[in-house]
1. Residue B:69 label point, 7 Å along Cα→Cβ, cut-off 14 Å on backbone N: hits in the stretch A:278-320?
2. Give the Rg (one decimal place) followed by the Dmax (whole number) of the protein assembly as shown, computed from C-alpha coordinates and expressed in Å.
3. Hey, what's the Kirkwood Rh for the stretch A:254-438 if you take every pair of different alpha carbons, in angstrom?
4. How charged is the neighbourhood of residue B:5? Take every other residue with its Cβ under 12 Å from the Cβ of residue B:5, and add Lys/Arg as +1 and Asp/Glu as -1.
5. Based on the mean of other Cβ atoms within 10 Å per residue, sort peptides A:249-257, A:472-480, A:443-451 so the most packed one is first.
6. For A:473-479, what's the mean count of beta carbons from other chains sitting within 10 Å of each residue's beta carbon?
7. Show me the ranking of peptides A:4-12, A:229-237 by mean Cβ neighbours inside 10 Å, starting with the highest.
8. Using only Cα atoms, locate the centre of the stretch A:7-27 and the centre of the stretch A:149-186, then give the distance between them in Å, rounded to an integer.
Amino acid sequence: MSLLTKASLVMTPNAIKESKVYSIIPSSGNGDFTFTRGTLASSTLNNDAGLIETVPYNLVTYSQDYTNAAWGKVNSSITANSTQSPNGTNTASSLIENTVNNVHYLQRASAVFFNANADYTFSIYAKPNGRNWIALQITGFGSVYFNISTGTIGTVSVAAITPSIQSVGNGWYRCSMKTNITVDNANLQVFLAIGDTIGSYTGDGVSGVFLWGAQFVQGSSPKDYFFTTDRLNVPRLNYDTVGGCPSLLLEPQRINILTYSEQLDNIAGWTGTAINITANSIISPSGVQNADKIIPNTTNYFHYLSKNMITVTNGIQYSFSIFAKAAGYNYLLINTTTGTSSGIAGPLIDLSNGTVIGTYGGNNYSAKVTVFPDNWYRIDLLLTTNAILLSLDFNVFPTSTIATFSGNGSSGIYLWGAQLEAGAYPTSYIPTVASTVTRNGDVSNKSGISDLIGQTEGTIYIEYAPLTLSIIAGSNIISIKSTDNTNSVTLFLDVYADFPHFTIAIFKNSVGNYYSPFVSIPNLNFRKLAFVYKSNSISLFENGIRTYNNNATGIIFPFSSNFANLFLADVNPQGAKIKNVQIYKTALSDTECAALTTL
Amino acid sequence: MKISKLKYADKETAMADLLLKNVYVKHTFNDEETLIYGEGIHAVVEIGLICINQPTLEIGSIYNNQPTLEIAPIFTDGYHYDVMSEQDIDFGDNEVVVNNPKHSFLGHNVITVLNE
């Protein structure tokens, strides 16, 4: 019999929506985790497209709530929940014309374009409700008429638009238009029409269409529909291997203090010395043509782009990262005036193969290179500041040993996505423009599940990988707590004795005891962990082996208050990737725990 | 969700007020005391000093191992924080309105405009 039949809660992060990570067990939804971040975020390397994209990819807020003030109704009205939508729920709205002789439309004003000069696709599901025609329009970029009774495409206003219409059943069609957007702001509009190109007419006050599932995405396909409200609390699924299982990415709060992180030609943010900069020269790791080219000029000198005099906190660690790609020259020196050295002091990276080949000045700041598609590399380094100001230079070298030279005026290096964040390791990319920008920490938990948690004994299982081993003390991984937080059982990462290791903390009436195998964690690999608690016993299993067991009489259960809440990485979060969480209301046997945690 | 932009005389004054208002709360774990967010707090961002000019180094000085300031930084008075919270918190005179923010939360500047 599978151990899963004993589990009271199982969460594998395969299915998500805004503010929620679905659990497999229980199937009632009572075990679904809540998720909050409060800001947008970027995907990491291994999303399904291999691109750095905004999460969620649907850039439209309130994608099926057209009563929201974000959607304007012009000579028309919206009635929510009017009929069954394509997904079978009663969530489709009706757009009804009024009686004026004019255009009648739904409008999403000032739609969010994060990158101009890129392909975008606008789509919406539509079904006749007295009117058989609609037109989609992106203001300034053209329109397309659709017959949603016959499923045919009508007039397309400009050749740059690629329209499509697809039947999805029950009279519904998904209408879409793709075009290249060259500005950073435009309106998305859905017009009612009484025929091809007849979008202005006298309405009858009762006719219209049903609408559902508006989506606006970067790229040339409409993508699977992703429901949105405010877009701020979408969990991120990370894939470490192609075709593998995703993990829930939980990153701590970080702030990118480099302004104009993509606009390296902006003189408010960057300074060039003996270089020319060609903006938007090539497609960046985001899939958009917005990476800049740094081109040494013909002056016989150093050739570098600088971020001068950044205000930082003295004496702490900062992680710097930037995406780079060879463009005729292969060598990039990243130089900084912080730390114990200055001058030409920093790692030298060979962009022909993504290797750190050495340093100038003797400090490579623990430089690392991560490979991205299309010969892009993300280079990151770790600095410790020794002042409240810091400068960064990006020098172009023609060879690994020549620093001063005359450029040929065309060869150079592509750069994109610079980031400097306080912390011991780099996190996902945070785009900036004129101001520094914070991505809040990811928070996921489940409250009110005392019926799913063992009160007198139990087993907690998690498949988990840390994002760093440079941790601060007491970085929680998973925890069960009473509602008043006075009683808890927590698995956390600790650095007591100066090496990272797992520890279990048991708090009773706010008094804690700690139990650890004191085995150093050697790497950032995924590991399967289970801890078992019961009266006068605590055990920890890791990858099939019992690494800790204590049967001391001081470990007492039950507590006076019920365990009711489950938290992931809630205190001193240092980041985590989580593939699986399971709760058992019983203390599994050693054999069962070994089987559960075997890789 | 509310975003409060705060200005204090210095970091010590700021931390005292943020603790007083339960923006930060003290948390003891494994005999070590740390600060964690209070109930309803989604983010606290320590912006610190705000530089209002562009300081520069003398050209080439960093390549002589002698980085030398050409233009020294000028900081506004005060020590700055941004707080994102579910609840309204009365920060009194420490809450300021800014026209040219030096910091934002990812997506919030845009979303605010869109929802107006």
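1. A:309-312
2. Cα radius of gyration and Dmax of the protein assembly as shown are 27.8, 84 Å respectively.
3. The Cα-based Kirkwood calculation yields 16.0 Å.
4. Spelling it out: positives minus negatives among the neighbours equals +1.
5. A:249-257, A:472-480, A:443-451
6. Mean partner-chain Cβ count within 10 Å for A:473-479: 2.
7. Peptide ranking by packing, descending: A:229-237, A:4-12.
8. 35 Å
The values are calculated or read from the model by the stated rules, or taken from the named source; none is laboratory data. On a predicted model such as this, the values are computed, not experimentally measured, just so you know. Here the Cβ is made from the backbone with ideal geometry for all residues, glycine too, and neighbour counts use every protein chain on show. Ligands, DNA and RNA are stripped out before the accessible areas are found, and what is left, the full protein with its side chains, is counted by its heavy atoms. Shrake-Rupley method; radii C 1.70, N 1.55, O 1.52, S 1.80 Å.
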